[in-house]
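Colleague: Before I ask anything, let me first share the structure, which is written out below as structure tokens.
The values are calculated or read from the model by the stated rules, or taken from the named source; none is laboratory data. Model, not experiment: these values are computed from the prediction. Using ideal geometry, Cβ is built from the backbone for each residue, glycine included, and neighbour counts are taken over all protein chains shown. What goes into the accessible areas is simple: the full protein's heavy atoms, side chains included, and nothing from ligands, DNA or RNA. Shrake-Rupley method; radii C 1.70, N 1.55, O 1.52, S 1.80 Å.
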Amino acid sequence: MHLKRKFDSGEFAVLAEMEPPKGVDVSGMADNATKVKGNVDAFVVPEMSNAVMRMSSLGAAMILQAKGMETVMQVNCRDRNRIALQADLLAANGCGIFNVMAVKGEDPSFGDHHQARSVYDIDESELLKAVQNLRHGKDMAGIDLTGAPEFLVGSTVNAGSRGTSVELILEDMQKKVEAGADFFITPPLFDLTAIEPFFKKVDSKKIKIIPTVLLLKSLGMARYMARNVENVYLPDLLVDRIKKASDKVQECIKIASEMAAALKKEGFGGVMLSTIGWEDKLPRILEKI
């Protein structure tokens with residue numbers, strides 16, 4: 001459990017999102033992860049993000065673990081009921097996966113299977129409590145397990161979001177801490193000032209806050225996010241910087257790298273790098289960390 005040891009020692013942890021393939025060819029995923037293996041502490045494996053059907057987080061995490069890479073497996077409320085969620089968690093731990101992250105999951109209307117029905121048998125807080133119960137040797141029905149799993153548990157917090165008071169964000173986070181969350185990953189962060197009011201009120205020695213650094217892919221993507229994406233503040237100065245750059249892709253990589261380095265300097269628990277399909281750019285982003 002390398003990631004837990006890093007958190008416990010107060011060292012800066014580097015996480016990188018590694019999207020499972022939409023198919024069974026895992027060579028690209030494995031190659032991209034292998035290239036940065038020594039510079040990434042754990043790979044966050046999404047569970048069909050944006051409701052797009054892909055290989056499951058459990059399957060992809062098992063593949064990476066078998067190649068000697070630590071993973072954080074997402075567990076998604078959208079697609080499974082409480083029985084299946086607990087079964088997946090036990091299977092994950094039995095296969096050597098010790099880091100999990102509870103997420104709500106986007107509605108199927110966002111994805112590629114619009115006729116799919118959401119499950120949402122339990123919500124994110126109930127899922128966290130279920131993981132905590134498993135760690136204590138009992139399932140959600142109160143029945144004893146034959147061997148209790150060990151987990152480092154992550155969740156989400158909307159730190160830095162616009163239009164939500166810091167007090168409400170902290171209150172939501174505290175409920176998740178009480179439900180068993182050990183660390184928190186934020187939405188994409190593009191400006192440190194957006195998260196400062198929240199971070200100043202958090203005991204960073206007890207609660208690990210891991211901001212997401214998202215690699216922008218183009219000027220159009222930056223403009224769209226600045227105007228339309230909730231919970232994200234993307235300043236106009238950043239959009240202008242990309243607009244003026246002769247090599248826009250290189251500028252986007254530079255922006256992501258600079259933000260990751262700034263987070264380390266400011267004392268955050270770590271960073272989560274999200275490249276949404278451009279995992280081959282990870283080595284260049286990691287250069288400054």
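Colleague: Which members of the stretch 193-203 meet the condition of being in contact (Cβ under 8 Å) with a residue 12 or more places away in the chain and either farther than 19 Å from Lys265 by Cβ or out of contact with any Leu (no Cβ under 8 Å at 6 or more places or on another chain) (or both)?
Modeller: Ala194, Pro197, Phe199, Lys201
Colleague: Which of the helices (runs of 4 or more DSSP H) found entirely inside the stretch 1-87 contain at least 3 residues meeting this: free of Cβ contacts under 8 Å to residues at least 12 places away in the same chain and more than 21 Å from Lys281 (Cα to Cα)?
Modeller: Once the helices (runs of 4 or more DSSP H) in the stretch 1-87 are filtered for at least 3 residues that are free of Cβ contacts under 8 Å to residues at least 12 places away in the same chain and more than 21 Å from Lys281 (Cα to Cα), what remains is 2-9.
Colleague: Oh, and also: Taking Thr34 as meeting all but one of (1) under 27 Å from Leu145 (Cα atoms); (2) of a type in the set (Ser, Thr, Tyr); (3) open to solvent by 40 Å² or more (accessible area, probe 1.4 Å), write down the number of the exception.
Modeller: (1)
Colleague: Out of the stretch 106-125, which residues are part of a loop (DSSP other than H, G, I, E, B), open to solvent by less than 50 Å² (accessible area, probe 1.4 Å) and among the hydroxyl-bearing types (Ser, Thr, Tyr)?
Modeller: Hit for the stretch 106-125 is Ser118, nothing else.
Colleague: Here's another thing I want to ask about it. Taking the stretch 165-185, which residues are within 24 Å of Asn76 (Cβ to Cβ), without any contact (Cβ under 8 Å) to a residue 24 or more places away in the chain and open to solvent by less than 90 Å² (accessible area, probe 1.4 Å)?
Modeller: Asp172, Gln174
Colleague: Same structure again: Residue by residue through the stretch 126-140, note down the ones that are surrounded by 18 or more Cβ atoms within 10 Å (Cβ to Cβ) and in a loop (DSSP other than H, G, I, E, B).
Modeller: Correct list: empty.
Colleague: Can you name the residue in the stretch 245-289 that is assigned to a loop (DSSP other than H, G, I, E, B) and of a type in the set (Val, Ile, Thr) and, of all such residues, is least open to solvent (accessible area, probe 1.4 Å)?
Modeller: Within the stretch 245-289, the match that is least open to solvent (accessible area, probe 1.4 Å) is Thr275.
Colleague: Restrict the check to the stretch 231-250 and report whether at least one residue is small (Gly, Ala, Ser), in contact (Cβ under 8 Å) with a residue 60 or more places away in the chain and out of contact with any helix residue (DSSP H, G or I) (no Cβ under 6 Å at 6 or more places or on another chain). Talk me through it step by step, then tell me what you get.
Modeller: Here is the first cut: in the stretch 231-250, the residues small (Gly, Ala, Ser) are 245-246.
Add one more test, that the residue is in contact (Cβ under 8 Å) with a residue 60 or more places away in the chain, and what stays is none.
No, the stretch 231-250 contains no residue that is small (Gly, Ala, Ser), in contact (Cβ under 8 Å) with a residue 60 or more places away in the chain and out of contact with any helix residue (DSSP H, G or I) (no Cβ under 6 Å at 6 or more places or on another chain).
Colleague: Out of all the residues in the stretch 91-105, which are part of a strand (DSSP E or B) and buried (at least 22 other Cβ atoms within 10 Å of the Cβ)?
Modeller: Asn99, Val100, Met101, Ala102
Table: residues versus (1) open to solvent by 60 Å² or more (accessible area, probe 1.4 Å); (2) of a type in the set (A, V, I, L, M, F, W, C); (3) in contact with a helix residue (DSSP H, G or I) (Cβ under 6 Å, 6 or more places away or on another chain); (4) more than 30 Å from Ala179 (Cβ to Cβ).
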{"site": "Lys200", "(1), (2), (3), (4)": "yes, no, no, no"}
{"site": "Ser204", "(1), (2), (3), (4)": "no, no, no, no"}
{"site": "Leu214", "(1), (2), (3), (4)": "no, yes, no, no"}
{"site": "Gly220", "(1), (2), (3), (4)": "no, no, no, yes"}
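Colleague: Moving to a separate point now. Please verify whether the stretch 141-151 includes one or more residues that are at pLDDT 95 or above, under 19 Å from the mean Cα position of the chain (by Cα) and surrounded by 21 or more Cβ atoms within 10 Å (Cβ to Cβ).
Modeller: yes
Colleague: Separate question: State all residues of the stretch 141-161 that are within 20 Å of Lys200 (Cα to Cα), assigned to a strand (DSSP E or B) and in contact with a Leu (Cβ under 8 Å, 6 or more places away or on another chain); if no residue qualifies, say none.
Modeller: Narrowing the stretch 141-161 to residues within 20 Å of Lys200 (Cα to Cα): 155-161.
After this cut, where a residue has to be assigned to a strand (DSSP E or B) as well, the list is 155-156.
Listed by number, the list holds a single entry, Ser155.
Colleague: Shifting gears a bit: Going by the conditions given, is Arg227 open to solvent by 50 Å² or more (accessible area, probe 1.4 Å), modelled with pLDDT of 95 or more, among the basic types (Lys, Arg) and over 30 Å from Gln132 (Cβ atoms)? Steps first, please.
Modeller: Values: open to solvent by 50 Å² or more (accessible area, probe 1.4 Å): yes; modelled with pLDDT of 95 or more: no; among the basic types (Lys, Arg): yes; over 30 Å from Gln132 (Cβ atoms): yes.
It is false that Arg227 is open to solvent by 50 Å² or more (accessible area, probe 1.4 Å), modelled with pLDDT of 95 or more, among the basic types (Lys, Arg) and over 30 Å from Gln132 (Cβ atoms).
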